[in-house]
1. Consider T126 against the criteria (1) at pLDDT 85 or above; (2) open to solvent by 80 Å² or more (accessible area, probe 1.4 Å): it satisfies all of them except one. Which criterion is unmet?
2. Return the only residue of E71, E65, E34 being surrounded by 11 or more Cβ atoms within 10 Å (Cβ to Cβ), modelled with pLDDT under 85 and more than 14 Å from A114 (Cα to Cα).
3. So in region 66-89, with the set limited to residues that are aliphatic (A, V, I, L, M) and part of a helix (DSSP H, G or I), which one is nearest to G50 (Cα to Cα)?
4. Test each condition in (1) more than 21 Å from A9 (Cβ to Cβ); (2) at pLDDT 85 or above; (3) in contact with a Gly (Cβ under 9 Å, 6 or more places away or on another chain) for S55 and report the one that comes out false.
5. Assuming L87 fulfils every condition listed in (1) open to solvent by 60 Å² or more (accessible area, probe 1.4 Å); (2) over 11 Å from the mean Cα position of the chain (by Cα); (3) at pLDDT 85 or above; (4) closer than 19 Å to G11 by Cα apart from one, which condition is it?
6. Might you let me know whether region 18-28 holds any residue that is out of contact with any strand residue (DSSP E or B) (no Cβ under 7 Å at 6 or more places or on another chain), at positive phi, in a loop (DSSP other than H, G, I, E, B) and not β-branched (V, I, T)?
7. Out of the residues in region 42-52 that are surrounded by 15 or more Cβ atoms within 10 Å (Cβ to Cβ) and either of a type in the set (F, W, Y) or under 14 Å from A121 (Cα atoms) (or both), which is modelled with the lowest pLDDT?
8. Pairs needed: first member in region 7-20, over 12 Å from L109 (Cβ atoms); second member anywhere, of a type in the set (S, T, Y) and in a helix (DSSP H, G or I); C-beta distance under 7 Å; at least 6 residues apart or different chains.
Amino acid sequence: MIGTGLTWAVGWVSLFGAYLLARMAIGAGLEGYELFLPLLEEVFIVGAFGFLAGSTFGAVLGVLERHKSLEEITFKRVALWGGLGGLAVGALLTVLVGSPTGVIFYTVLGIGSATGTVALARRADTELIEGDDETLPALEGE
């Protein structure tokens, strides 16, 4: 979960950086982003929400899809879990900031991050080891 969260945080911060570079390339500049401290705060917030969404996605996938191999999990379900995670992040930002403009953006970002994560995992040459049901007794009500 932590690895997925860190991966998503790096990916989201990278996309945010690409967005800022694109703004500068088209001449829009960085209006609204004061250099250094406020901009660093924005980068930290994007990374923190990426970490939160990625970790949550990893946990949900691990719990709800734990009896399936990586090849058995469909991209539709992965997109659903990622989209719901992104929607939750967008809703949280709406509550904190008061602007609903990021809800669709974060939902799409969650879908892309989730499907990208599983696609990369499928390309890996390592084989996942299936755990037995006794490894998490606290989740089973013991």
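The values are calculated or read from the model by the stated rules, or taken from the named source; none is laboratory data. All of these numbers come straight from a predicted model, not from anything done at the bench. We place every Cβ from the backbone using ideal geometry, glycine too, and count neighbours over all the protein chains shown. Surface areas here come from the heavy atoms of the whole protein model, side chains and all, with no ligands, DNA or RNA. Shrake-Rupley method; radii C 1.70, N 1.55, O 1.52, S 1.80 Å.
1. (1)
2. From the options E71, E65, E34, the qualifying one is E34.
3. V89
4. Just one mismatch for S55, condition (1).
5. Among (1) open to solvent by 60 Å² or more (accessible area, probe 1.4 Å); (2) over 11 Å from the mean Cα position of the chain (by Cα); (3) at pLDDT 85 or above; (4) closer than 19 Å to G11 by Cα, the lone unmet condition for L87 is (2).
6. Filtering region 18-28 for residues out of contact with any strand residue (DSSP E or B) (no Cβ under 7 Å at 6 or more places or on another chain) gives 18-28.
Keeping just the survivors that are at positive phi gives 27.
Remaining after also requiring in a loop (DSSP other than H, G, I, E, B): 27.
Now drop any that are not not β-branched (V, I, T), which leaves 27.
Checking region 18-28: at least one residue is out of contact with any strand residue (DSSP E or B) (no Cβ under 7 Å at 6 or more places or on another chain), at positive phi, in a loop (DSSP other than H, G, I, E, B) and not β-branched (V, I, T).
7. Ranking the candidates gives F49 first.
8. Short answer, once both residue conditions are applied: T7/T117.
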